[in-house]
């Protein structure tokens, strides 16, 4: 399935997911796998290879005008399409989590979950995405951009770590869409130049969520990214050349921080 190039929708009932294995993409696939396990809610998916710009094609942007993954289409609601990870989590919880196993009914907890999801959508995701760009993909090495966005990612991660010191999950001390929203990004911290081992409460939360079978299945849609913290750490141990290259990346980040007198502080 992952190797096929989509040219349009292929299902005519249920939820159809258009996604790729990015921190944003796995929000939808993880939650759909949780709903499948909890309620037997089946779904269909298609892999949208973002390196091929499939998400910019007219058939896709008709469904997701922003030209980004993930997008879901609810064929049981007349082909209703939902773009943006936060909106997808909210839509699925509202329509397909009747027992509120992953969402809340108490008004203040509903607000707490909305706040953490909005925090991720407007903070952690965009800032860590910029860290990835300047550390990994920018055609020019720009030390200011590297320390600025890696540093801001660390600050935001510190907020999560502090919040989790007295609770296992972000809201109501139980796993919910609030956790799912941030998990994909936390899963890529090492790739972004942030050492998750520095944040023990967050690391314990991450490992707790990663132990869920539905999460593991969701991470594999359409295929497991090699940049998740666990696989990244494994590759460091097994691939000497890769480890040397990554060591240089981290030295570059350290030098950029020193150049601009970066000091970690959170919040």
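No lab work stands behind these numbers, since they all come straight from the coordinates. What you see is a predicted model; the values in this text were computed from it and never measured. Cβ atoms come from the backbone with ideal geometry, glycine included; neighbour counts cover every protein chain shown.
To the nearest ten degrees, helix 107-119 and the longest principal axis of the Cα atoms of the chain are 50 degrees apart. Springs between Cα atoms under 10 Å define the GNM used for the chain, and in it the highest mean-square fluctuation of 139, 126, 70 occurs at 139.
Per residue, the average separation of C-alpha pairs within less than 8 Å and at least 6 apart gives the range 71-223 a relative contact order of 22 percent. Does the range 76-235 come out rounded, prolate or oblate by the C-alpha gyration tensor, with a ≥ b ≥ c the root eigenvalues, rounded set by a/c under 1.5 and, if not, prolate when a/b is larger than b/c and oblate if not? Here the range 76-235 falls in the prolate category. When the chain is treated as a GNM with alpha-carbon contacts under 10 Å, the residue of 122, 85, 145 showing the greatest mean-square fluctuation is 122. Bridge orientation summary for the chain: considering DSSP beta bridges with both residues in this region, about 65 percent are antiparallel. For the range 192-267 versus the range 146-168, the spacing of their alpha-carbon centroids is 13 Å. Each 5 Å bin, from zero up to the one with the longest distance, holds this percent of the alpha carbon pairs of the range 17-133: 2, 11, 20, 23, 20, 14, 7, 2, 0. The overall shape of the range 159-200, judged from the alpha-carbon gyration tensor, is oblate: a/c is not under 1.5, and a/b is no greater than b/c. Across the range 15-96, the mean sequence separation of Cα contacts (distance under 8 Å, 6 or more residues apart), normalised by length, yields a relative contact order of 33 percent. Decide, for the range 141-245, between rounded, prolate and oblate: order the square roots of the alpha carbon gyration tensor eigenvalues as a ≥ b ≥ c, take rounded if a/c falls under 1.5, and otherwise choose prolate if a/b is larger than b/c, else oblate. Taking the square roots of the gyration eigenvalues as a ≥ b ≥ c, the range 141-245 is oblate. What FRET efficiency do you get for residue 242 and residue 173 if R0 is 35 Å and r is their Cβ-Cβ distance, rounded to the nearest 0.05? Calculated value: 0.35.
When the chain is treated as a Gaussian network with alpha carbon springs shorter than 10 Å, the biggest mean-square fluctuation among 22, 153, 61 belongs to 61.
Treating the angle as unsigned and between 0 and 90°, give the value, to the nearest 10°, between the Cα long axis of helix 143-163 and the longest Cα principal axis of the chain. Approximately 60 degrees, to the nearest 10.
The angle between the Cα long axis of helix 200-210 and the main principal axis of the chain comes to about 30°, on a 0 to 90 degree scale.
Take every pair of alpha-carbon atoms less than 8 Å apart whose residues are at least six positions apart; their mean separation over the length of the chain yields a relative contact order of 24 percent.
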